[in-house]
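Presented below is the structure to which this report refers.
The values are calculated or read from the model by the stated rules, or taken from the named source; none is laboratory data. Just so it is clear, the model here is predicted, and its values are computed rather than measured. A quick note on method: Cβ atoms are made from the backbone with ideal geometry, for glycine too, and the neighbour counts reach across all protein chains shown. Only protein heavy atoms, including side chains, enter the accessible area calculation; ligands, DNA and RNA are left aside. Shrake-Rupley method; radii C 1.70, N 1.55, O 1.52, S 1.80 Å.
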Amino acid sequence: MSLVANILQGASKVDLDVINRNIPSIRKDMDVLKKDVVEHVENVHVKYSQKSKLNNARLNELLRYQQTLEELKNKGELVLNTDLNNAEKELSNNMNELKVTAYKLQVLLRVQSILKLLDKFNDDLGRLHYVNCVHSIKALNGIFEAIPTDEYLEALYTLKGAVADKQNILIERLQTEFSDNIDLQHENSTTTLRIRKENEEMKNIISALGCYSECLEPLHCLARKLWEDIFIPIVNENLILEEKEDDMFASLVLCSQSKEKTNYSIVFNNLEIVLKFLTVNFTYNISESKTALEYIGGDFNDNLSELIVKNCLRDTMPSNVDELQRYNVIIDATEKLEKALLKSNIFTTQTASILEYVNNVDVLFIDKMCAGYSMKAKEIMKKDLHDITEVGVPYNRCDENFAQSSISKNVEELVNLCVELLEKAAVASPDCSVILLSNVLNICRHIALLYRNFTKLT
């Protein structure tokens with residue numbers, strides 16, 4: 001045998017002795033530590049007989065054993081690669097024992113990590129460091145998700161229940177603190193929005209809500225109330241708004257005067273008052289890139305855009321050319337409102353534009369005008385078909401003019417209506433001309449149907 005082989009075999013024998021001597025001792029120590037940890041979990045989270053406190057000495061001891069086991073594992077693998085047949089059986093048994101002990105150690109380290117995070121959570125909750133509390137809950141849930149279900153100790157089930165309790169405590173605390181800082185009450189015909197003046201506590205609360213999706217319900221609840229009790233009434237009713245302020249709160253009071261819709265300018269002015277109130281008094285971020293108002297607005301901004309268009313701007317559409325020429329005033333007012341909505345972050349660049357609607361006023365005006373002509377055409381068609389008139393000139397085969405004949409006066413009125421529409425189409429923009437000509441075509445179809453019915457009767 002070579003000198004190198006002798007040296008390796010001698011080293012392997014030494015490693016084998018170290019493994020065989022240390023593993024049984026470490027196994028006993030693991031059992032003692034396991035009992036200590038389980039008793040601690042039981043006393044703190046089951047019997048509540050003592051307060052939890054960080055035990056750094058126990059953690060350091062576990063980490064020291066982890067390092068020792070890793071060294072023994074490496075030595076065992078080295079021994080297995082040498083020619084020590086006479087010790088192979090004993091070594092194999094001890095290596096299996098090492099794996100079991102290492103598993104127990106990993107479980108205890110996980111338990112210790114959970115205990116440390118729970119202690120940190122309690123400390124941060126007492127200091128009102130809600131963002132840190134959220135991070136601790138996320139880390140705790142991550143630990144439990146990484147543990148296979150077949151590796152659970154009874155203590156882990158106990159701790160998982162304790163984490164669920166802490167999570168519920170955090171959510172309830174955030175909801176309560178949020179409600180203490182911003183409140184919206186609706187009673188009879190009066191709605192009051194109260195916001196506590198800017199403070200670090202609310203900033204911390206909003207940041208925590210943004211970090212934890214399970215905690216976002218207070219923001220969604222506020223969005224629903226703003227939509228139902230403020231934005232919808234402003235557009236659909238006649239309201240008077242009043243701002244109030246004291247040492248702690250800024251308040252906005254909305255009083256309904258009637259359920260009837262009011263002028264667009266009053267609606268726009270009231271909306272701008274609400275937007276300014278929110279941007280001045282609710283200046284919090286849920287993340288580095290998103291404000292709380294943007295998050296809240298995401299729940300209803302498209303609905304608000306549609307509401308403003310359908311229940312306000314649609315009523316402003318001009319009915320005649322004079323109104324159309326004065327419509328720039330409404331376009332300017334709409335542009336100002338949209339800028340305020342975007343500045344507040346209630347609207348984003350992805351929200352349906354109310355300005356785009358009024359900028360399309362020419363087509364909308366023609367649509368409205370065509371609707372009027374269609375209504376007029378229907379009224380003419382309802383008149384007596386037997387009320388006839390003579391049109392054309394006496395028949396002369398050398399004359400190319402329309403030969404004299406009898407037609408219903410309804411048809412004559414409808415033809416005159418179509419001529420009026422064609423004259424307007426001749427001077428309108430291409431898009432508007434298409435709409436006008438389509439309207440003429442529809443009326444002509446009705447004239448043809450009316451004429452067929454008349455000829456059948458006569």
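Return, for the Cα atoms of region 170-299, the radius of gyration and Dmax in Å, separated by a comma.
Every Cα atom of region 170-299 included, Rg and Dmax give 15.0, 46 Å.
Using 0.36 nm times the number of residues separating ASN359 and ASN311, minus their current alpha carbon distance, what extension gain do you get?
The span from ASN359 to ASN311 would gain 15.6 nm if fully extended.
Would you mind estimating how fast region 162-238 diffuses translationally, via Stokes-Einstein at 10 °C and 1.306 mPa s with the Kirkwood radius over Cα pairs, in µm²/s?
Taking Rh from Cα pairs, D becomes 114 µm²/s.
Rg and Dmax of region 308-380 over Cα atoms: what are they, in angstrom?
Final numbers for Rg and Dmax: 14.6, 51 Å.
Leaving ligands and nucleic acids out of the surface, order ILE232, ILE286 by accessible area at 1.4 Å, largest first.
Sorted by accessible area, descending: ILE232, ILE286.
On the full set of protein chains, 1.4 Å probe, figure out the accessible area of ASP367 and give it in Å² to the nearest 10.
Spelled out: ASP367, probe radius 1.4 Å, area about 70 Å².
How big is the accessible area of MET375 in square angstrom, nearest 10, if you roll a 1.4 angstrom probe over the protein chains?
Result for MET375: roughly 110 Å² accessible.
Which whole number in µm²/s is D for region 178-218 by Stokes-Einstein, with the Kirkwood Rh taken over Cα pairs at 20 °C and 1.002 mPa s?
Rounded, D is 185 µm²/s.
Please give me the summed charge of the neighbours of LEU254: other residues whose Cβ is under 10 Å from its Cβ, Lys and Arg +1, Asp and Glu -1.
Within the 10 Å Cβ shell, the charges total -3.
Around ILE266, under 12 Å between beta carbons, what's the net of Lys plus Arg minus Asp minus Glu among the other residues?
Net of charged neighbours comes to -2.
Project the alpha carbons of region 256-376 onto their principal axes and report the range along each, largest first, in whole Å.
57, 33, 22 Å, listed from the longest principal axis down.
Using a 1.4 Å probe and counting only protein heavy atoms, arrange THR351, THR192 so the residue with the most accessible area comes first.
The most accessible residue leads, giving THR192, THR351.
Compare the Cα positions of THR176, SER136, LEU219 along the charge dipole of region 119-256 (+1 at Cβ of Lys, Arg; -1 at Cβ of Asp, Glu; about the Cα centre) and return the one farthest towards the positive end.
Towards the positive end, the residue furthest out is SER136.
Along the positive direction of the dipole of region 102-256 (beta-carbon charges: Lys, Arg +1; Asp, Glu -1; about the Cα centre), which of ALA208, LEU241, GLN112 reaches farthest?
Highest projection toward the positive end goes to GLN112.
Compute the signed sum of charges (Lys and Arg +1, Asp and Glu -1) over the other residues within less than 13 Å, Cβ to Cβ, of VAL309.
That sum, taken over residues with Cβ under 13 Å, equals -3.
Give the ranking of VAL163, VAL427, VAL363 by solvent-accessible surface, highest area first, calculated with a 1.4 Å probe.
VAL427, VAL363, VAL163
Please give the FRET efficiency for ARG326 paired with GLU288, using the beta carbon to beta carbon distance and R0 = 45 Å, rounded to the nearest 0.05.
Efficiency for this residue pair is about 0.45.
Given the whole protein assembly as supplied and a 1.4 Å probe, what does the accessible area of HIS135 come to in Å², nearest 10?
90
Which number gives the lysine pairs in region 180-315 that have C-alpha atoms under 26 Å apart and are eight or more places apart or on different chains?
For region 180-315, qualifying lysine pairs total 23.
Using a 7 Å offset from the Cα along the Cα-to-Cβ direction at both ASN199 and SER251, what is the distance between the two label points in nm, to one decimal?
Here the modelled spin labels are 1.7 nm apart.
Once you charge only the Cβ atoms, +1 for Lys and Arg and -1 for Asp and Glu, what is the size of the charge dipole of region 215-275 about its Cα centre, to the nearest 20 debye?
Dipole of region 215-275, to the nearest 20 debye: 320 debye.
Accessible area per residue of region 196-274 at 1.4 Å probe, in Å²?
Heavy-atom SASA per residue in region 196-274 reads 48 Å².
In Å, the Kirkwood hydrodynamic radius of region 236-319 over pairs of distinct alpha carbons?
Averaging 1/r across every pair of different Cα atoms and inverting gives 14.8 Å.
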